[in-house]
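The values are calculated or read from the model by the stated rules, or taken from the named source; none is laboratory data. Source: prediction; values computed, not measured. Here Cβ is always computed from backbone atoms with ideal geometry, including for glycine, and neighbour counts include all displayed protein chains. The area values use the complete protein model at the heavy-atom level, side chains included, leaving out ligands, DNA and RNA. Shrake-Rupley method; radii C 1.70, N 1.55, O 1.52, S 1.80 Å.
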Amino acid sequence: MFEIVFCTVPNEVVAERIARGLVEQRLAACVNVIPGVKSFYRWEGEIQADDELLLKIKTTAAKREALFAWIAENHPYEVPEALSVRVEAGLPAYLRFVEAETAAG
């Protein structure tokens, strides 16, 4: 089973560090860094508005918990976003790529 994990980060330096780390650890086959995200949320009783980047992380269900743990340990936010969405279908060649790249490690 394949999944996409969404994770917001504060800047490009953190985005690259997390993206590279996830791929190096074989927790993700590919990470897209999407700039231009504006996030609005309540934190400690106050409405916040922050410019962020969004990571779109391609992985497998088997790697989800290790990926979440790695993000929790390496992300600068006290409560980082890590939301997983199941992939219902995909190009077979791409799904084989994701499986192969996350198989080791």
Point to revise | Filtered residue count, the stretch 60-105, keeping only those that are aromatic (Phe, Trp, Tyr) and open to solvent by 100 Å² or more (accessible area, probe 1.4 Å) | key: 0
Exercise for review: Quick one: count up the residues across the stretch 4-28 that are farther than 14 Å from Pro80 by Cβ and open to solvent by less than 10 Å² (accessible area, probe 1.4 Å).
Suggested key: 1
**Study point:** Tabulated pairs, the stretch 91-105, first farther than 12 Å from Thr60 by Cα and modelled with pLDDT of 95 or more, second among the aromatic types (Phe, Trp, Tyr) and part of a loop (DSSP other than H, G, I, E, B), C-beta under 8 angstrom, 6+ apart or interchain
**Key:** none
Practice item. Would you mention how many residues in the stretch 22-54 are free of Cβ contacts under 8 Å to residues at least 60 places away in the same chain and out of contact with any helix residue (DSSP H, G or I) (no Cβ under 6 Å at 6 or more places or on another chain)? Key: 23
